[in-house]
1. For His52, all conditions in the list (1) touching a Cys at 6+ places or on another chain (Cβ under 8 Å); (2) more than 28 Å from Thr94 (Cβ to Cβ) hold save one; what is the number of the exception?
2. Being at pLDDT 90 or above and not β-branched (Val, Ile, Thr) is the filter; apply it to the stretch 57-73 and report the residue that is farthest from Asn16 (Cα to Cα).
Amino acid sequence: MMYLIHEVETLTPINNKAKDICKFCKDYKGCLLTSEKDFDDLVETIKSVVRHANGLYPKTKPFSVTTNRMSCIHVVVNGNSDQQVVRFYIATITGVYRNGLNMPIRYFMLNGKEVQL
């Protein structure tokens with residue numbers, strides 16, 4: 001199964017720590033994850049960046065990472081899901097199709113509809 005990060009929503013940064021994390025996370029928009037291992041590696045990478053930022057800014061509230069398996073990743077303030085800093089929206093790719101010229105065209109399911117990349 002493959003997954004696509006089709007949207008990275010960064011909310012208004014509340015401090016420099018949030019700004020640094022938002023800047024790091026924006027680069028993952030449009031990233032293709034070819035397996036569940038890639039998804040787990042991405043979550044661990046984000047967690048390590050958040051741990052590092054928590055160490056750099058010890059006087060601010062700690063950030064943490066929560067995940068809704070294979071559909072969303074959230075960076076939140078102090079474990080409170082109402083105070084989100086970054087949201088990753090992830091779509092499941094249901095198939096890969098090719099046209100007559102053997103050029104790859106990828107489709108994925110988004111809200112129950114097939115969407116072309």
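The values are calculated or read from the model by the stated rules, or taken from the named source; none is laboratory data. From a predicted model like this one, the values you see are computed outputs, not experimental measurements. Note: ideal-geometry Cβ built from the backbone for every residue, glycine included; neighbour counts use all protein chains shown. We work out accessible area using only protein heavy atoms, side chains counted, and drop any ligands, DNA or RNA first. Shrake-Rupley method; radii C 1.70, N 1.55, O 1.52, S 1.80 Å.
1. Tallying (1) touching a Cys at 6+ places or on another chain (Cβ under 8 Å); (2) more than 28 Å from Thr94 (Cβ to Cβ), His52 fails exactly one: (1).
2. Ser64
Rundown of residues vs (1) hydrophobic (A, V, I, L, M, F, W, C); (2) open to solvent by less than 60 Å² (accessible area, probe 1.4 Å), yes/no style:
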residue	(1), (2)
Leu11	yes, yes
Tyr28	no, yes
Asp38	no, yes
Asp41	no, no
Ser48	no, yes
Asn54	no, yes
Phe63	yes, yes
Ile73	yes, yes
Val76	yes, yes
